[in-house]
Structures are given as structure tokens and as C-alpha cells.
1. So what's the net charge close to VAL56: Lys and Arg +1, Asp and Glu -1, counting the other residues with Cβ under 10 Å from its Cβ?
2. With labels modelled as points extended 7 Å from the Cα through the Cβ direction, what inter-label distance (nm, one decimal) is found for ASP146 paired with ARG38?
3. May I ask you to evaluate 6.51 cos²θ - 1.76 cosθ + 1.60, the Karplus curve with θ = phi - 60°, for each residue of segment 25-35 and list the ³J(HN,Hα) values in order in whole Hz, giving x for glycine and proline?
4. What is the percent carbon and sulfur in the accessible area of segment 104-144, measuring with a 1.4 Å probe over the protein chains and ignoring ligands?
5. Starting from the 7 Å offset along Cα-to-Cβ, what nm value, one decimal, do you get for the label separation of ARG170 and ASN24?
6. Just reorder VAL109, VAL160, VAL68 by solvent-accessible area, largest first, 1.4 Å probe, all chains present.
7. Which of the GluC sites (Glu not before Pro) across segment 1-55 are loop residues per DSSP, with 10 or fewer other Cβ within 10 Å?
8. What net charge is computed for the residues neighbouring MET31, neighbours being all others with C-beta under 11 Å from the C-beta of MET31, Lys and Arg scored +1, Asp and Glu -1?
Amino acid sequence: MGIQERERKMYRPLRRAGLEVIPNAVPDGTMPFVSGYRREDIVGGFSHPYETPRLVRRLNENWYDLAVSSGLLDHQREFLVLLPHGTHTHHALLPKEHLHYGRHTPSWVWTRVRLFDCWDIMGRGAASAFLGIRAGHPGFSMMALDSSVYISCSTGETGVDVRAVAHPARSENILQDLEWYAHWDYPRADKELQKRIAAWLAGRAPGTTSRSSR
């Protein structure tokens with residue numbers, strides 16, 4: 001994969017949405033994936049039905065308020081976003097379902113980004129297919145550089161849901177879910193992601209996770 005190709009296919013669309021990609025700058029020890037959080041893990045969020053007037057504007061406003069209040073952005077407005085590994089176009093990603101077990105083709109990895117003064121996460125960002133399906137139909141995972149907060153955005157049948165989870169690496173619900181996925185014997189599982197999750201779990205202090213009984 002050439003740098004120029006990745007610039008053209010991925011970095012440029014994200015830049016139009018107001019995100020500058022900072023390559024090869026993910027902090028060491030960052031948990032590779034977040035899943036399995038429950039209601040008790042959620043510390044903030046919002047929802048809007050699709051028929052909400054000025055939907056994209058409302059979503060952008062609420063996302064920024066949540067990003068600031070939860071600590072997603074550092075002092076340079078940098079954070080992590082889950083992006084596909086490799087070089088992919090908008091049309092190549094659209095048929096895929098994002099972030100579901102067995103659907104990690106391509107594999108998704110954390111990438112460091114910086115938020116410009118002028119941005120449109122829920123409009124142009126979602127339309128890029130890297131942060132959603134189309135404008136007003138976003139879908140993404142974001143995390144603070146220090147892993148202190150994780151923000152998930154998903155689109156359902158009736159609207160958009162955004163949730164913030166504090167300290168995901170400390171959540172027993174999330175840790176058990178990652179433990180289960182790392183050992184999931186399923187042909188369509190993302191083997192690369194499973195290896196990264198297993199390595200991250202193995203690097204934690206003994207006794208911090210327990211095998212799920214699923």
C-alpha cells in the first residue's frame with residue numbers, strides 16, 4: 001500500500017470532514033477494541049431520530065459537547081478513531097457492516113487524528129463511509145489518547161445513538177467480552193484482531209480478567 005494511495009482514498013476524505021490523520025502515533029498499550037459494555041458503564045450520550053430537524057447540525061453539536069465534557073479531546077484536540085487497516089474507498093466499505101463480530105474485513109485499527117477548527121463529523125465524515133454510511137447516518141468508535149473514555153456512535157432503524165463509556169479498560173463487562181472474542185472459534189472471526197486482543201490481555205496484570213462462560 002502506497003502512501004499516496006492512502007492519502008487519496010482515506011486521508012483526503014477525512015480531511016474534508018475536519019480530521020487530520022497522524023500516522024503511526026497510537027499510544028503504546030492502547031486496547032485494540034471495545035465491545036460488550038453495559039448500561040452501568042455508560043457515563044453520557046444522546047439519541048436523535050432521523051426526522052429530527054437539522055439532524056446533522058444537532059448531531060455535530062451534541063457530539064462536540066460530549067467530546068469536550070467527557071475528555072475525548074486532548075489539549076491539541078487529538079484523539080483516536082477506529083479506521084480500516086489498509087487502503088479502501090468509500091464504495092469498497094459501504095457493503096460491509098461496521099464493527100460486528102465476523103464482519104471485520106478489512107480489520108479495523110485505532111488511528112490518531114486531530115480535529116480542525118472547521119469540521120463536519122456527522123455530515124461529511126459519515127458520508128466518507130469511514131465514519132458512517134452517509135450524511136446523517138454516522139457510525140464510528142472513538143477513544144481518548146489516554147483511554148479514559150470511549151465513544152460509540154451507531155445508526156439504528158429509527159435514529160442515531162451515541163454513548164460514552166468511561167475507562168473501558170477497567171470495565172469487567174468489556175474485559176470479559178474481549179476475552180471471549182479472543183478465544184472465539186468461528187471461521188469468520190477476525191483472526192488478526194483476535195491476536196491483537198489476546199496480546200493486549202496477556203500484557204495486563206494477572207487476575208484482571210476472567211474467562212467468559214459464553
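1. Values: positive: ARG54, ARG57, ARG58, ARG124; negative: GLU61, ASP120.
The answer is +2.
2. 2.8
3. Using θ = phi - 60°, the values come out as 9, 6, x, 4, x, 5, 4, x, 7, 10, 7 Hz.
4. Working: 720 of 1310 Å².
Taking all protein chains in place, segment 104-144 shows 55 percent carbon and sulfur surface.
5. So the label points at ARG170 and ASN24 sit 3.4 nm apart.
6. Numbers: VAL109 30, VAL160 0, VAL68 85 Å².
The residues order as VAL68, VAL109, VAL160, largest area first.
7. Numbers: sites: GLU5, GLU7, GLU20, GLU40, GLU51; in loops: GLU51.
Qualifying residues, ordered by number: GLU51.
8. Values: positive: ARG170, ARG196, ARG204; negative: none.
Spelling it out: positives minus negatives among the neighbours equals +3.
The values are calculated or read from the model by the stated rules, or taken from the named source; none is laboratory data. Remember, predicted model here, so these are calculated numbers, not experimental data. Heads up, the Cβs are rebuilt from the backbone with ideal geometry, glycines too, and the neighbour counts pull from every protein chain shown. The protein model used for the area step is the full one, side chains on, heavy atoms only, and it has no ligands, DNA or RNA in it. Shrake-Rupley method; radii C 1.70, N 1.55, O 1.52, S 1.80 Å.
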